[in-house]
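Written out below as structure tokens is the structure these notes cover.
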Amino acid sequence: MRPALYSVLLFSLIALSGCGSDPTADLGTSVTVTGTITMDGNPSDGVEVIFKRLDAGAPAEYRQYVATTDSAGKYSLENVYPAKYAVMVNEKKDEKAEEEGAAAFETGPYKNYGAQSELVAEVTETNKTFDFELTSK
């Protein structure tokens, strides 16, 4: 083969190798979402915070994010893409309630913030802090 043909083939190979599709290309720029969860004015220690994307416009691995709060009720979720999210807060596992046949999220003060939660967060590149002041009533 001629050197010019080698050059054309090599250039074509390099160009084609860069054409792979990035599943996050159309999702925007990811951000770190932070916030605080309180219950009746007190920090929620050790509760699970779940952000679940409301639209189906993202690959499965970018539709749900989970964190656990620290002793001050603070949480942090990394690499969250801008979208509208349903927010759920689940209490720590309640061994006694589970022995009686109820899942932990169906009992206790956080029961209104589990699967039936009406909490929502609209994540953008500039709107990425969400504090939730929950009540047990």
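Here are a few things to note about the model shown:
Residue by residue, here is whether (1) free of Cβ contacts under 8 Å to residues at least 12 places away in the same chain; (2) of a type in the set (A, V, I, L, M, F, W, C); (3) touching a Ser or Thr at 6+ places or on another chain (Cβ under 9 Å) holds:
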| site | (1), (2), (3) |
| --- | --- |
| Pro43 | no, no, yes |
| Arg53 | no, no, no |
| Ala60 | yes, yes, no |
| Thr68 | no, no, no |
| Glu78 | no, no, yes |
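- Test result for Ser71, of a type in the set (Gly, Ala, Ser), within 24 Å of Asn112 (Cβ to Cβ) and modelled with pLDDT of 80 or more: yes
Residues are listed down the side, and each one gets a yes or a no for (1) under 14 Å from Ser44 (Cα atoms); (2) among the aliphatic types (A, V, I, L, M); (3) modelled with pLDDT of 90 or more:
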position	(1), (2), (3)
Lys84	no, no, yes
Val89	yes, yes, yes
Lys92	yes, no, no
Glu95	no, no, no
Glu100	no, no, no
Thr129	no, no, yes
Thr135	yes, no, yes
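- Qualifying residue in the stretch 110-125 (condition: of a type in the set (S, T, N, Q) and at pLDDT 95 or above): yes
- Of the residues examined, Val66 is one that is within 12 Å of the chain's Cα centre (by Cα), β-branched (Val, Ile, Thr), loosely packed, with under 14 Cβ neighbours inside 10 Å and at pLDDT 95 or above.
- Qualifying residue in the stretch 2-19 (condition: of a type in the set (Lys, Arg), out of contact with any Gly (no Cβ under 9 Å at 6 or more places or on another chain), at pLDDT below 95 and surrounded by fewer than 15 Cβ atoms within 10 Å (Cβ to Cβ)): yes
- Contact annotation: residue pairs with Cβ atoms under 6 Å, 6 or more positions apart or on different chains, pairing a residue in the stretch 113-135 that is within 19 Å of Thr32 (Cβ to Cβ) and touching a residue at least 12 places away in the same chain (Cβ under 8 Å) with a partner that is basic (Lys, Arg) and in a strand (DSSP E or B), are Glu122/Lys84.
- Yes/no for Ala58 being surrounded by 12 or more Cβ atoms within 10 Å (Cβ to Cβ), modelled with pLDDT of 95 or more and within 16 Å of Glu122 (Cβ to Cβ): no
The values are calculated or read from the model by the stated rules, or taken from the named source; none is laboratory data. It should be emphasised that the depicted structure is a prediction, and the values quoted were computed from it without experimental measurement. In this analysis, Cβ positions are derived from the backbone assuming ideal geometry, glycine residues included, and neighbour counts consider all displayed protein chains.
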